[in-house]
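Report on one structure; see the data block that follows.
The values are calculated or read from the model by the stated rules, or taken from the named source; none is laboratory data. Owing to the predicted nature of the structure, the values given are computational and were not obtained by experimental measurement. Here the Cβ is made from the backbone with ideal geometry for all residues, glycine too, and neighbour counts use every protein chain on show.
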Amino acid sequence: MDEISFALNPPRFRKFKKPPIRIARSESPVWPLPAINGREPVILEPATNGLRGIELAYARVGSDDALKECPPGTPNGTATHLMPQMTPVFSIDGGEITFAGRLGHGYGIIINHGNGYASHYAHLGALVAIRTDLYRPRDQYVRAGDVIGYVGAPEPGAFKRLYFELWERDRSRHLMPIDPRPRLAECKLKREYDHFTPAPPVAQKEAA
């Protein structure tokens, strides 16, 4: 019996241990947000409500940058930052989804990367995974760069931004939150392009 037939028709009684995570990992971890049309995500300072992680969004290049697409005072913009509609969220590395479901006013996902690290994503407006708080799905695996959701807001009407935590296993084998910035500095930034997000006016500023 091949692997596909075995997965579709498992034996009724299986007493062996759960196999380890086996997925094709990417060459390197990636940032949880992409660079869209040349716009790179930035870390907001500081994260609100005394939380242990960081918040990510996109900075405005100038006061008149993307005012039509992401007006200030809306869920898509503030005076200094913006968040385009339907911005995808990536898994930073390969692993197994251990939680995907409702978290606060939005959704959250936790991924165990199987290498002593786990990552936590919150403020999601939508999930690209089967919710584990409602169902008992089969094991869900992702690779680095897979879309796991879309950016939402921490509460209705608030500015949209991604909340991200990185956890590391300590000597007691407990996953504890750590500063994710050194790890993100080693991650690759995926670049995407769409017709709805204007490119930053860098060329215009340089020409002037």
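Identify the residue in the stretch 92-104 that is among the aliphatic types (A, V, I, L, M) and modelled with pLDDT of 95 or more and, among all such residues, is surrounded by the fewest Cβ atoms within 10 Å (Cβ to Cβ).
Filtering the stretch 92-104 down to residues among the aliphatic types (A, V, I, L, M) leaves 92, 97, 100, 103.
From what is left, the residues that are modelled with pLDDT of 95 or more are 92, 97, 100.
Working: Ile92: 28, Ile97: 20, Ala100: 26.
Only one residue tops the list, namely Ile97.
Does any residue in the stretch 69-88 that is over 19 Å from Gly38 (Cα atoms) come within less than 6 Å, Cβ to Cβ, of a residue that is basic (Lys, Arg) and assigned to a loop (DSSP other than H, G, I, E, B) six or more places away or on a different chain, and which pairs are these?
Between residues of the stretch 69-88 that are over 19 Å from Gly38 (Cα atoms) and residues that are basic (Lys, Arg) and assigned to a loop (DSSP other than H, G, I, E, B), the close pairs are Pro75/Lys160.
From the list Leu166, Leu175, which residue is touching a helix residue (DSSP H, G or I) at 6+ places or on another chain (Cβ under 7 Å), among the aliphatic types (A, V, I, L, M) and within 14 Å of Tyr117 (Cα to Cα)?
Working: Leu175 fails: touching a helix residue (DSSP H, G or I) at 6+ places or on another chain (Cβ under 7 Å).
Just a single option satisfies the conditions, and that option is Leu166.
Glu168 is checked against (1) part of a loop (DSSP other than H, G, I, E, B); (2) touching a strand residue (DSSP E or B) at 6+ places or on another chain (Cβ under 9 Å); (3) more than 21 Å from Pro41 (Cα to Cα); (4) not basic (Lys, Arg) and fails just one. What number does that condition carry?
(1)
Name the residue, out of Gly152, Gly157, that is surrounded by fewer than 16 Cβ atoms within 10 Å (Cβ to Cβ), touching a residue at least 24 places away in the same chain (Cβ under 8 Å) and closer than 29 Å to Lys68 by Cβ.
On the way: Gly152 fails: surrounded by fewer than 16 Cβ atoms within 10 Å (Cβ to Cβ).
Exactly one residue qualifies, and that residue is Gly157.
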